[in-house]
Structure formats: structure tokens, C-alpha cells
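Each remark here refers to the structure printed beneath this line.
The values are calculated or read from the model by the stated rules, or taken from the named source; none is laboratory data. Everything numeric here is computed off the predicted structure, so don't read it as measured data. Positions of Cβ are generated from backbone atoms using ideal geometry, with glycine treated the same way; all protein chains shown enter the neighbour counts.
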Amino acid sequence: MFEELLQAPALSSLLGLLAGLLVIHLLYSSLTFQGKHTHPPGPRCLPLLGNLLQVDLCRLDQSLFKLSKRYGPVFTLHLGLKKIVVLAGSKTVRQALINHPEEFGDREINPLFYDFSKGHGIVFSNGDSWKEMRRFALTTLRDFGMGKRLSEEKIIEECHYLTEELENHKGKAFNTKTPISYAASNIISAIIFGKRFDYKDPVLRDMVKNDQEAICLSGSPSILIYNVFPWLGPWLQNWRDFMKAVENIKQHVLQLTSSLKKTFNPDICRCLVDAFWTRKLNLEESDAQGMHYNEENLVYSVMDLFGAGTDTTSNTLRWSLLLMAKYPQIQDRVQEELSMVVGVRQVQMEDRKNLPYTDAVIHETQRLANIVPMSITHSTSRDVTFQGYFIEKGTTVLPLLTSVLYDESEWETPNTFNPSHFLDEEGKFIRRDAFLPFSAGRRACLGEGLARMELFLFFTHLLQHFRFTPAPGISEDELDLTPMVGFTLSPPPHQLCAVSRI
Ligand code: HEM
């Protein structure tokens, strides 16, 4: 890449541009630090590069966690010319997101997020359009059963398909990634498109493959660099692959929505896509909200929900099975509790309150797996003074969830898989304030209710039916828990055996 750059005829203009940027940077730095306000402290930075050389871009969350121990719970970091304020530790992250929801509640639309959706949809949007799309998605998810029977029924139906799929392996070692991703994707597909897909369906396979690829690429070091120096984009293979993957998903979404449109009947609402068009029809032309119900918002909201709803839940479920295979005594206790309380009948959501150990294991999996380690970056919607520091409007803010889920002042054994974190002395389930895998405040995960239901029903159903063990020849100790780093943290490649119990 740099060879290509050096051969470019415009090298002298590029050097001129860099010199210009250097001057702007020096001016900017001096303005930032000379004002009357106290700004969050942070490591000294180099011109243009900022602190890029002081952090590990392959595990940025870990680097930031270490820096927070030196510079405190609110500190500044410069990635290139971009200034970021990092919030660290359970107390600080909750105080910012919950007590100052407005000030810390905008999304930072970085170059990659902008390339993806141009500010449309739910995850990477702001202002009235975001507010309307988030409200619409939340209401529709609720109407389609989040926390209600309808979703529960859909998940239970999918549990049976997943069990059948795992049974086909007849206890032999297999990669958990594909079937579990298909099962999770089918739940969100049933809500969005009103249908599940067969696990062999090429559309499902292609959407899931591209989704996984896009999420993995978006957390890669070269994409982090792209967000700092966006003019590098065309030279970066990862950026080109990312754009290709999201374009493929978009084409599938367009195809699926257009075939739903052909049979659309406003009196029969089959799914979220129908609900979107019905809402548009019901809004008066003059109604300001109506303008947000456009094609772009439909397509990108669907892509957001599909992307956010597949990778996260399937990753967490895969972590839970890997942890069960690694810690067979914990698996024993879950299976004993399930046998005693539920027996062989289908587990229902209402059983959760009687299954405290199982519930604790699921919570502890989410804590340790820490699948969205740096949340999704926020931005300040106005000037704010927080913990005595002045943070100006439009500053990128990173709520470091790693530092919450691994906060030494909150968790007795933060680096160990320990379900007791969620149990009192009598073995009753206890909630913990520092349990924040879905983040908090105005931009908190809107799929939390659905995700929690999926995790509970899939996990309990699978453990009722199968004993999970490492592949033959691999001991429990050898099962590696070092995550694969993308935008989310997923389990390293592995195979497990699902040995039938029933
Ligand atoms: C274990 C599963 C999941 C985890 C750990 C998780 C975690 C998160 C986190 C950390 C955020 C960022 C919050 C912030 O900006 O502060 C987020 C946002 C979001 N999640 Fe989830 N999520 C999960 C499942 C889901 C599901 C199933 C859906 C879809 C129904 C979903 C939809 C969303 C959306 C749309 C946003 C953006 C919200 C906004 O910007 O207003 N998530 N999630």
C-alpha cells in the first residue's frame, strides 16, 4: 500500500498536505490545552499520529483499560488527529450514560459507519430520524412479542430445528459457529421478514456469512486506521471487503422487502417490514414523523437489526457452550438443576426464576465473554462538565465496557469464570450493577429483552438435550479462551461434541 503511495505522482502535494495537517494539529493541541477549562488528562501524543504508537490496535480495549489505571476513569486519547474521551470503570460509565443520558447520548458517525449507512437506520444515526426509528423498532419488537409469548414460541420452535441439526453430528466433533448463527439469525428474520429460513437456504447462508465478515472486518486494525485517516480507504483491502460484504447484505434485504411489498395488506401485519409501511400509511402527509419512513431508513434499520441481532446472540451462545465444555463441573450443576426443576419438558421463560444457578451461568458467560468490549462509540450532544472535566460538544466518547465487566472493585474474581458473582450465600440469583454487556442509557441495546430470552431458551434447551465436551484428543485445559477480535469478541475457532442425553 505504501509503495503505491510513494510511486504516486502527487507525492509532493501529499507531503504538503501532511505539513498542513501538522500545523493544524499543533494549533489545535495548543488551543485545546490552553483554555480556561480542565480537560481530561491523557498520555502525551505525537503530532499527526497522536497516541497511535502507544496502543495495541489488535486489543485496543485492553490498552485503554491499562491506560485508565494510569490516567483515571475519564481520560483523553488521540488516534491520529481524532480526540477520544474514554470512560472507564463501572461507576464512571454508569454515571455518564445513566445520569447524563442526553449529553452522552449521540452516536459518533465515524467514516466507516458513514460509508455503511449514510446516517440512516438505528445504530449509526442521530437526531429525529434516529429517535423515530428507535421508537418504531422498540414498539414493533414489543408488539411482535419481546418479553411476550410470541417470541418465546418462535425461539422454542427454532430450538427444535437447532437440536435436530446438532443430532445429525451423532456426537462427533463439529464447529458450533454455523448452526448457532443460523438459529439466532432465524429469530430476528422471523420478526423482520415474518419467516425463518431452512439452514441450507442460500439466502440465509449468504446473509450470515457477509454479516460475520463485515463485523469481523470493522474491528480490524486497518479499519481503525481508516477511521483516523479516511483518505486511505481505496488502498485498504479490508475496507473494500467490508463495503462488498454490506452491499451483498443490502441486495438480499432489497429482494426480501420487495417480495413482501407484492403481497402487502395493511390489515394483516406479518412482520416489522409490514409494520413500517403501515405506520407510513397511517401518518398524515403533513405529519413531520412521516418523512422518516423512507426506503433508506427501512433498508438500514433492517440491516442494523439483522446485524446486531445475529452476531451478538450467536457469539454469546457459542461462548456458553465452550465454557460448559471447559468446566464440566459447572455443566453438571446446570444439568442437575434443569433435571430437578424442569425435568424433560420444554423450558419456558417463567422457569427462569426457579433456575438461579443456570441464570447465574448465563450472566457470568456474558460478563466474561464481554462481546462488545468498547460498546459502540458515542458523541457528546452538547458541552458537558463531567467529574470536573470539560468535554466539548461533538467529542467522541468511548464507554469502555471491558473496564466495567472486569472492574476489580466490583467483581470478586474478574478474570475467572465464576457463576457465584451472581449468587448470594443461599444460592439465590442476585443482580449486579456492574453487569452492563448491553450498555446503558439512551443508546442502550434495544434488543436486550429479545437477546436475554434467546440466550435463556437456547442454552437451557441445548443443555437438556446434549452433553458438550471437547473434540476427542483435546483436554478441557487445552480449550483456548483467547477471543478472536473483530468489532465483537468471538470464541476462537474450535470444535465441540454434542453427545445426546435423551
Ligand atoms: C447478547 C446479545 C447482545 C449484546 C451483548 C448487545 C450489546 C449491545 C451494545 C453494547 C450496544 C451499544 C450500546 C451503546 O451504544 O451504548 C448495542 C446496541 C444495539 N443493539 Fe444490541 N446487543 C445484543 C443483542 C441485540 C439484538 C438481539 C438486537 C436486535 C433485536 C440488538 C439491536 C441493537 C441495536 C439496534 C442497537 C443500537 C441502539 C441505538 O443506537 O439506539 N442487539 N447492543
What helices (runs of 4 or more DSSP H) lie completely within region 1-75 and have 2 or more residues being modelled with pLDDT of 95 or more?
60-71
In region 361-373, the residues that are more than 9 Å from the ligand (Cβ to nearest atom) and either of a type in the set (A, V, I, L, M, F, W, C) or in contact with a Gly (Cβ under 8 Å, 6 or more places away or on another chain) (or both):
VAL361, ILE362, LEU368
In region 180-206, which residue that is within 17 Å of the chain's Cα centre (by Cα) and of a type in the set (A, V, I, L, M) is farthest from the ligand (Cβ to nearest atom)?
ILE180
If SER301 satisfies all but one of (1) of a type in the set (Gly, Ala, Ser); (2) surrounded by fewer than 23 Cβ atoms within 10 Å (Cβ to Cβ); (3) within 16 Å of the ligand (Cβ to nearest atom); (4) part of a helix (DSSP H, G or I), what's the number of the condition it fails?
(2)
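When only residues in region 424-447 that are aliphatic (A, V, I, L, M) and within 18 Å of ALA137 (Cα to Cα) count, which is surrounded by the most Cβ atoms within 10 Å (Cβ to Cβ)? Let's see the steps before the verdict.
Taking region 424-447 and keeping what is aliphatic (A, V, I, L, M), we get 430, 434, 436, 440, 444, 446.
Remaining after also requiring within 18 Å of ALA137 (Cα to Cα): 440, 444, 446.
Details: ALA440: 19, ALA444: 15, LEU446: 22.
Only one residue fits best here, namely LEU446.
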Scope region 107-150; condition within 10 Å of the ligand (Cβ to nearest atom), buried (at least 18 other Cβ atoms within 10 Å of the Cβ) and either modelled with pLDDT of 95 or more or over 27 Å from ASP287 (Cα atoms) (or both); matching residues
ARG107, GLU108, GLY121, ILE122, VAL123, PHE124, SER125, TRP130, MET133, ARG134, ALA137, MET146
If GLU448 passes every condition in (1) over 15 Å from the mean Cα position of the chain (by Cα); (2) closer than 19 Å to THR358 by Cα but one, which one does it miss?
(1)
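So which of LEU436, LEU462, LEU455, LEU479 is hydrophobic (A, V, I, L, M, F, W, C) and touching a Phe, Trp or Tyr at 6+ places or on another chain (Cβ under 9 Å)?
None of the others qualify; the one that does is LEU462.
Hey, any hits in region 335-344 for a residue that's over 28 Å from ALA137 (Cβ atoms), acidic (Asp, Glu) and touching a helix residue (DSSP H, G or I) at 6+ places or on another chain (Cβ under 6 Å)? Explain how you work it out, then say what you get.
Step one: list which residues in region 335-344 are over 28 Å from ALA137 (Cβ atoms), which gives 335-344.
Keeping just the survivors that are acidic (Asp, Glu) gives 336-337.
In the following step, the residues that additionally are touching a helix residue (DSSP H, G or I) at 6+ places or on another chain (Cβ under 6 Å) were identified as 337.
Yes, that holds for at least one residue.
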For ILE98, only one of the following conditions fails: (1) more than 22 Å from LEU224 (Cα to Cα); (2) in contact with a strand residue (DSSP E or B) (Cβ under 7 Å, 6 or more places away or on another chain); (3) within 12 Å of the ligand (Cβ to nearest atom). What is its number?
(2)
For the condition buried (at least 17 other Cβ atoms within 10 Å of the Cβ), free of Cβ contacts under 8 Å to residues at least 40 places away in the same chain and within 16 Å of the ligand (Cβ to nearest atom), what is the one hit in LEU405, LEU450, LEU455?
LEU405
Among (1) loosely packed, with under 13 Cβ neighbours inside 10 Å; (2) in contact with a Ser or Thr (Cβ under 9 Å, 6 or more places away or on another chain); (3) not polar (S, T, N, Q), which single condition is VAL342 missing?
(1)
For region 295-324, pairs from a residue that is without any contact (Cβ under 8 Å) to a residue 60 or more places away in the chain to a residue that is assigned to a helix (DSSP H, G or I), with Cβ under 6 Å and 6 or more apart or across chains, are LEU298/PHE276
